[in-house]
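Notes follow the structure.
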Amino acid sequence: MYLQRPTLGWNSWNTFGNKINSKLIRETADLMVSSGLREAGYTYLVIDDCWSLRQRDKRGNLVPDPELFPEGMKALGDYIHDKGLQFGMYSCVGTQTCAGYPGSFGHEFQDAATFASWGVDYLKYDYCYKPMMVDGCILYRRMGLALKNCGRDIVFDACSWGYDDTRYWIRTTGANQWRSTLDLVDSWESLKNMILKQNDQTAFGGMGCFNDMDMLIVGMYGSGNVGITGCTDEEYRLHYSLWALMGSPLMIGCDLREMNDTTREILTNPEVIAIDQDAQSQPFRIPNGYFPEEQPVWVKQLDNGDYAMVYANLHDDGVNICACWWDLGLPPGCGYGFAVRDVWKHEDLGVYENTFCVGVPAHSCRMFRLALTKL
Ligand code: GAL
């Protein structure tokens with residue numbers, strides 16, 4: 001399967017960890033529809049680690065925990081499909097998953113067939129308990145080969161955290177997206193650290209195999225499995241803006257039963273989602289003053305000739321951030337400028353000839369769409 005756009009959906013791990021069950025997944029499916037998330041494009045509902053028994057059955061098959069998932073995965077998948085959603089599941093290249101459940105090592109073809117028989121549309125494939133004697137790229141190729149031949153289109157989500165130079169070989173495995181970092185947890189320190197780690201990854205995303213910057217913490221406010229201190233709404237908006245600019249898959253991690261209006265507004269902004277889904281071109285950073293690391297300006301060219309741009313402020317104080325059109329390929333005096341639109345405020349800010357400067361408060365961002373305009 002050749003994936004055209006980064007996947008959008010919800011994943012159980014960030015909030016629920018091992019506290020998952022059929023009722024929660026059904027409720028989440030219902031909420032993805034009733035809250036408008038499905039309509040906004042979030043169609044994958046992914047069950048992460050901790051769904052199976054600790055042992056395979058006598059034939060070596062994975063077995064869903066009958067206490068947590070009494071109706072089995074096929075019936076649960078049918079429920080998800082009936083809601084107009086797609087069904088995602090989780091396994092691991094190693095002998096065990098990260099939480100100690102059976103991994104797919106040595107069972108790749110059998111497990112791919114099992115997932116296909118349950119109607120799975122998406123497989124997240126983790127990197128724990130990897131046997132030392134086999135290279136990671138070989139193990140991803142095994143599952144990639146198994147999935148491609150299992151008789152069903154299944155998105156292959158490789159989650160090797162960027163280890164072992166993943167970015168150089170992942171496109172040889174059939175993976176549709178690859179995790180470029182270790183886990184993002186719900187705190188400003190973690191978020192800032194993850195953003196800085198993207199500086200040398202920009203050439204390795206886009207169509208073919210999207211750069212997965214990890215699941216979203218938007219709306220978690222410090223609760224749940226990876227909830228630490230929590231973040232402010234402005235920090236969540238900055239997080240979401242950069243993930244979208246970079247063309248990352250956007251997998252919601254908060255508890256949809258608790259979702260407030262601000263979280264919904266961040267997650268369903270159509271102008272920002274459109275920028276995420278427009279992921280052909282390589283994102284880049286442009287020079288912008290003395291602290292480029294702490295106040296990065298990220299840019300991505302869009303398919304219709306516009307640019308998307310994020311002015312991010314990672315400082316603990318407010319700063320003034322400027323971008324110069326020269327760096328976007330627009331020389332002074334050429335007869336064109338850029339019309340600037342604020343995609344969070346849904347406001348046109350006018351046409352600018354050479355530069356555009358704005359004040360950006362601490363731990364927040366401004367996000368714009370620029371359209372080339374004759375002066
Ligand atoms: C980690 C992975 C997380 C989550 C977890 C489950 O390795 O990065 O996203 O899937 O395992 O145990």
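Checked against (1) more than 16 Å from the ligand (Cβ to nearest atom); (2) assigned to a loop (DSSP other than H, G, I, E, B); (3) open to solvent by 10 Å² or more (accessible area, probe 1.4 Å), GLY247 passes all but condition (3). For ASN225, the conditions (1) outside any helix (DSSP H, G or I); (2) open to solvent by less than 10 Å² (accessible area, probe 1.4 Å); (3) over 23 Å from GLU293 (Cβ atoms) all hold with the exception of (2). Based on this model, can you work out whether LEU238 counts as crowded, with 21+ Cβ neighbours inside 10 Å and within 21 Å of ASN313 (Cα to Cα)? For LEU238, the condition - crowded, with 21+ Cβ neighbours inside 10 Å and within 21 Å of ASN313 (Cα to Cα) - is met. Here PHE291 clears all of (1) open to solvent by 60 Å² or more (accessible area, probe 1.4 Å); (2) closer than 28 Å to LEU3 by Cβ; (3) in a loop (DSSP other than H, G, I, E, B) except the condition numbered (2). Only residues that are open to solvent by 10 Å² or more (accessible area, probe 1.4 Å) and at pLDDT below 95: list them for the stretch 294-311, please. Correct list: GLU294, GLN295. Would you say MET215 is within 14 Å of the ligand (Cβ to nearest atom) and open to solvent by 10 Å² or more (accessible area, probe 1.4 Å)? Spelling it out, MET215 is indeed within 14 Å of the ligand (Cβ to nearest atom) and open to solvent by 10 Å² or more (accessible area, probe 1.4 Å). When residues in the stretch 54-68 are screened for being surrounded by fewer than 20 Cβ atoms within 10 Å (Cβ to Cβ) and within 16 Å of the ligand (Cβ to nearest atom), 3 of them pass. Sub-6 Å Cβ pairs linking a first residue in the stretch 316-338 that is over 11 Å from LEU370 (Cβ atoms) to a second residue that is of a type in the set (Ser, Thr, Tyr), at least 6 apart or interchain, are ILE321/TYR311; CYS322/THR355; CYS324/THR355, ordered by first then second residue. Selection of the stretch 257-272 for residues being among the hydrophobic types (A, V, I, L, M, F, W, C) and open to solvent by less than 10 Å² (accessible area, probe 1.4 Å) yields ILE266, LEU267, VAL272.
Has the stretch 10-32 got any residue that is within 15 Å of the chain's Cα centre (by Cα) and away from the ligand (no atom under 14 Å from the Cβ)? Reasoning before the result, please.
So the first thing to find is which residues in the stretch 10-32 are within 15 Å of the chain's Cα centre (by Cα), and the list is 10-14.
Subset that is away from the ligand (no atom under 14 Å from the Cβ): none.
Among the residues of the stretch 10-32, not one is within 15 Å of the chain's Cα centre (by Cα) and away from the ligand (no atom under 14 Å from the Cβ), which makes the answer no.
Apart from one condition, ALA75 fits all of (1) within 16 Å of the ligand (Cβ to nearest atom); (2) open to solvent by less than 50 Å² (accessible area, probe 1.4 Å); the exception is (1).
Taking the criterion of being under 23 Å from GLU265 (Cβ atoms), β-branched (Val, Ile, Thr) and not in a strand (DSSP E or B), would at least one residue in the stretch 355-373 satisfy it? No: the stretch 355-373 contains no residue that is under 23 Å from GLU265 (Cβ atoms), β-branched (Val, Ile, Thr) and not in a strand (DSSP E or B). If we scan the stretch 26-41, do we find a residue that is among the hydrophobic types (A, V, I, L, M, F, W, C), in a loop (DSSP other than H, G, I, E, B) and in contact (Cβ under 8 Å) with a residue 12 or more places away in the chain? No, because not a single residue in the stretch 26-41 is among the hydrophobic types (A, V, I, L, M, F, W, C), in a loop (DSSP other than H, G, I, E, B) and in contact (Cβ under 8 Å) with a residue 12 or more places away in the chain.
Listed here are the residues, each with its yes/no results for (1) among the charged types (D, E, K, R); (2) under 21 Å from GLN110 (Cβ atoms).
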| residue | (1), (2) |
| --- | --- |
| GLY136 | no, yes |
| TYR140 | no, yes |
| MET143 | no, yes |
| ASN149 | no, yes |
| ASP157 | yes, yes |
| ASP164 | yes, no |
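Note down all Cβ pairs under 8 Å where the first residue falls in the stretch 62-91 and is closer than 17 Å to GLY103 by Cα, the second is among the basic types (Lys, Arg), and they're at least six residues apart or on different chains. From the stretch 62-91, the pairs are LEU62/ARG56; VAL63/ARG56; GLY88/LYS124; MET89/LYS124; TYR90/LYS124; SER91/LYS124.
The values are calculated or read from the model by the stated rules, or taken from the named source; none is laboratory data. From a predicted model like this one, the values you see are computed outputs, not experimental measurements. Neighbour counts are summed over all protein chains in view; Cβ atoms, including those assigned to glycine, are modelled from backbone coordinates with ideal geometry. Surface accessibility is based on the protein's heavy atoms, side chains included, excluding ligands, DNA and RNA. Shrake-Rupley method; radii C 1.70, N 1.55, O 1.52, S 1.80 Å.
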